[in-house]
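Chemist: Starting off with a structure, shown below.
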Amino acid sequence: MIRHISAITVLFVSCLSLAACNTGTAGRTGPPNVPALSATADPPQPISPEAMQRWSRSCALCHIDGSGGAPVAGNSVDWAPRLAQGMDVLLAHTVEGLNNMPPLGYCMACERGDFLAMIDFMTRDVAAPMDATP
């Protein structure tokens, strides 16, 4: 079972990496009021291997398939209304928990910067980065 989950995680991360190669906006889905990344925007920083391990052990449990109503990583329809609330609200929901998401999203070792990096990782192809300081 654990090998199966690990294989799914590797496949998911590989797909997200390939999807990140497409910087165009053709075929983009989601509400028009959420700005797309522009060619002049600073490119998102890659997620560190440590943060990727934490994401795989915690966030991925729900954000790969939407378990418990979690927004699926990379899904514009799921993330647009959440991003519209602003990064500070998203971070507060992550730290405090919301609906079926437990406080800290099962990542007891994560800090503010880790959560911001993981949110960016799951939303980088969805909308422009929101302002928040690590």
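The values are calculated or read from the model by the stated rules, or taken from the named source; none is laboratory data. These numbers come from a predicted model, not from an experiment. FYI the Cβ positions are ideal-geometry reconstructions off the backbone, even for glycines, and counts take in every protein chain you see.
Chemist: Mind listing whichever residues of region 93-102 are under 15 Å from the mean Cα position of the chain (by Cα) and outside any strand (DSSP E or B)? Break it down stepwise before answering.
Modeler: First, the residues of region 93-102 that are under 15 Å from the mean Cα position of the chain (by Cα): 93-95, 101.
Within region 93-102, 93, 94, 95 qualify.
Chemist: Continuing with this model, one more query. Being surrounded by fewer than 19 Cβ atoms within 10 Å (Cβ to Cβ) and either part of a helix (DSSP H, G or I) or modelled with pLDDT of 90 or more (or both) narrows it down to one residue among 105, 68; which is it?
Modeler: Numbers: 105 fails: surrounded by fewer than 19 Cβ atoms within 10 Å (Cβ to Cβ).
After applying the criteria, what remains is 68.
Chemist: Also, quick follow-up: For region 24-47, check the following and say yes or no: at least one residue is out of contact with any Cys (no Cβ under 7 Å at 6 or more places or on another chain), part of a helix (DSSP H, G or I) and either buried (at least 17 other Cβ atoms within 10 Å of the Cβ) or modelled with pLDDT under 90 (or both). Talk me through it step by step, then tell me what you get.
Modeler: Taking region 24-47 as the starting set, the residues that turn out to be out of contact with any Cys (no Cβ under 7 Å at 6 or more places or on another chain) are 24-47.
Within this subset, residues satisfying the condition of being part of a helix (DSSP H, G or I) are none.
No, region 24-47 contains no residue that is out of contact with any Cys (no Cβ under 7 Å at 6 or more places or on another chain), part of a helix (DSSP H, G or I) and either buried (at least 17 other Cβ atoms within 10 Å of the Cβ) or modelled with pLDDT under 90 (or both).
Chemist: List pairs: first residue in region 82-95 and over 12 Å from residue 115 (Cα atoms) and of a type in the set (S, T, N, Q), second residue modelled with pLDDT under 95 and surrounded by fewer than 17 Cβ atoms within 10 Å (Cβ to Cβ) anywhere in the structure, Cβ distance under 8 angstrom, at least six positions apart or on different chains.
Modeler: Sorted first by the residue in region 82-95, then by its partner, the list stays empty.
A quick yes/no check of all residues on (1) aromatic (Phe, Trp, Tyr); (2) outside any helix (DSSP H, G or I); (3) over 11 Å from the mean Cα position of the chain (by Cα):
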position	(1), (2), (3)
72	no, yes, no
80	no, no, yes
91	no, no, yes
109	no, yes, yes
120	no, no, no
